[in-house]
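Only one structure is covered here, and it is reproduced in the block below.
The values are calculated or read from the model by the stated rules, or taken from the named source; none is laboratory data. All values derive from a computational prediction rather than experimental measurement. Reconstructed Cβ throughout: ideal geometry from the backbone, glycine too, with neighbour counts over all protein chains shown. For the accessible areas, the whole protein counts, side chains as well, though only heavy atoms, and no ligand, DNA or RNA atoms are used. Shrake-Rupley method; radii C 1.70, N 1.55, O 1.52, S 1.80 Å.
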Amino acid sequence: MRAMTYRGPGRVRVEEKPIPPLEHPNDAIVRVTCAAICGSDLHLYHGMMPDLRVGHTFGHEFVGTVHAVGSSVEHLQPGDRVMVPFNICCGSCFFCARGLYSNCHNVNPNASAVGGIYGYSHTCGGYDGGQAEFVRVPFADVGPTKIPEWMDEEDAVLLTDACPTGYFGAQLGDIREGDVVIVFGAGPVGLFAAKSSWLMGAGRVIVVDHIDYRLEYARRFANAETVNFTQVDDIVQWAKETTEFLGADVCIEAVGAEADGAFFQHLTAAKLKLQGGSPVALNWCIDSVRKGGNVSVVGAFGPLYSAVKFGDAMNKGLTIRTNQCPVKRQWPRLFEHVRNGVLKPSEIVTHRVPLDDIAEGYHIMSNKLDGCIKPLVYPNGKH
Ligand SMILES: NC(=O)c1ccc[n+]([C@@H]2O[C@H](COP(=O)([O-])OP(=O)(O)OC[C@H]3O[C@@H](n4cnc5c(N)ncnc54)[C@H](O)[C@@H]3O)[C@@H](O)[C@H]2O)c1
Ligand SMILES: [Zn+2]
Ligand SMILES: [Zn+2]
C-alpha cells in the first residue's frame, strides 16, 4: 500500500509499505478514504517529539471502510463506514472507565502520561497512522463508530480530532454566562474553541493570532473579535485594557509547543529544544486571565521542563485544566450539534490533496501558505 512516511525534520514522502495485518483478535484493518493533517502533526514534522522514528506513518484524523476484522470484534463488519477517534483506548481500564480515553493505561507501554495516539511516534505507542491507504485499528469495538447515514465524510473526519478538541477546550474553560473568553491560536483547534465558547454562554469571544487570514476566518467562522498580537504593543496589556483592567474570565491556549511571539522562548524551545515547548501563549493566558479565572490548555506540549509562569498562576488563584481530548466522550453532543446544523465542521477545510502529494500538503500547512486552515488527504487520489 501507499503510505506517508517520516524521513527527518521537514521531510516526508510516500512509500510502499505492507498492508498492516490483524495482530490481535480485537483489531480491525480500515481502508482509509479521507484523512487530515493536524497542527499536532507539525510538531512531529518539525522533529519536536522525542521518539519519532524514520519510516513512521503519521495521521490521527481519518475515516474509512472496514477491510477486515479480528475474530473477537463484535460491532464492526467489513464494508462498514467508520470514523476513528485519534485516541487509541481499551475501554475498560481505570481511566477509560472514567471517560479519560486519552489517558488509557493499556495502550502505551512507553509512557505513563499520554495514552496511545495513531501516527504519533513511539512516545505515543508507536502505532502507524492513517495518512495511508490502510491502517490497523486496535480495540476496534471501543474507539471507532459507524458514520451516521446523514453525516458528510468531511464532517466525520473533523469529528475525529479538531472539532472535539476545540469544543473540549471551551469545556475545560468552564465558561459561565456572559464570560469574556480569549482564545490564543486561530488554527482549526482555536477556531472550534471560539465557536464552541458561544455555545457555552460566552458574552465576548476574542481570538488572538499573528496570521491575518486566520483572524479573518475567526471573524467569519466564529463571529469572534480578533487581535493580531504583532500589531499591539503588548497583548497582555491589550487584554487588560479591553476588560476594564480585570483580565478575561477564561483564556484558552490552542497554540502549543511551537508558540511564536517571544524570540528567546521560541529559540530555546522550538529551535534548540532546551524546553519541552515554547510557553509563550500559555504565559499570555496566565497573564491575561483575571485573578481566580480559568485557563484551558489544549495546545500540545512535550513532557520536559518549560518556563511556565507557575508562580503567577498560583498567586492569582487560577484553575488550569488540560488534556489530550477524549474524543469519544464529546461525540454524542457534537453529533447532535452537527445534525442540527449548529456546527458544520467541514467549513474550515481549505485544501484537499491526494496522498501522493502529501509532502506538498505538509509544506503548505507548516508554512501557512495559500490561506491554509485545514488540509484533507485523499488516499485514492480523488478530489
Ligand atoms: N489537546 C488535544 O487533544 C489536541 C488535539 C489536536 C491538536 N492539539 C494541539 O493544538 C494546537 C493547535 O492545533 P491546530 O491544528 O489548530 O494548529 P495550527 O498550527 O493550525 O494553529 C496554531 C496557531 O497558533 C498561532 N500562534 C503561534 N504562536 C501564537 C501565540 N503566541 N499566540 C497566539 N497564536 C499563536 C499560529 O499562527 C497558528 O495559527 C497544537 O499544539 C496541536 O498539537 C491538541
Ligand atoms: Zn490532532
Ligand atoms: Zn483504557
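Points worth noting:
- The one condition from (1) open to solvent by 20 Å² or more (accessible area, probe 1.4 Å); (2) within 15 Å of ligand 1 (Cβ to nearest atom) that E153 does not meet is (2).
- Pair list, Cβ under 8 Å, 6 or more apart: the range 54-69 residue under 19 Å from L158 (Cα atoms), other residue crowded, with 24+ Cβ neighbours inside 10 Å and among the acidic types (D, E): F58/D41; G59/D41; H60/D41; H60/D161; E61/D161
- Screening the range 252-368 for helices (runs of 4 or more DSSP H) wholly inside it with 3 or more residues that are assigned by TED's automatic domain parsing to the domain that holds G185 and open to solvent by less than 40 Å² (accessible area, probe 1.4 Å) returns the ranges 280-288.
- Taking (1) more than 16 Å from ligand 2 (Cβ to nearest atom); (2) over 28 Å from L76 (Cα atoms); (3) open to solvent by 10 Å² or more (accessible area, probe 1.4 Å) in turn, T123 satisfies each apart from (1).
- Annotation: A186 fulfils all but one of (1) closer than 30 Å to L159 by Cα; (2) more than 17 Å from the chain's Cα centre (by Cα); the unmet one is (2).
- Qualifying residue in the range 81-90 (condition: touching a residue at least 60 places away in the same chain (Cβ under 8 Å), farther than 30 Å from P379 by Cα and within 15 Å of ligand 3 (Cβ to nearest atom)): no
- Single residue of V63, V14 found to be in contact with a Lys or Arg (Cβ under 8 Å, 6 or more places away or on another chain) and either outside the structural domain of I147 (by TED's automatic domain parsing) or farther than 25 Å from N106 by Cα (or both): V14
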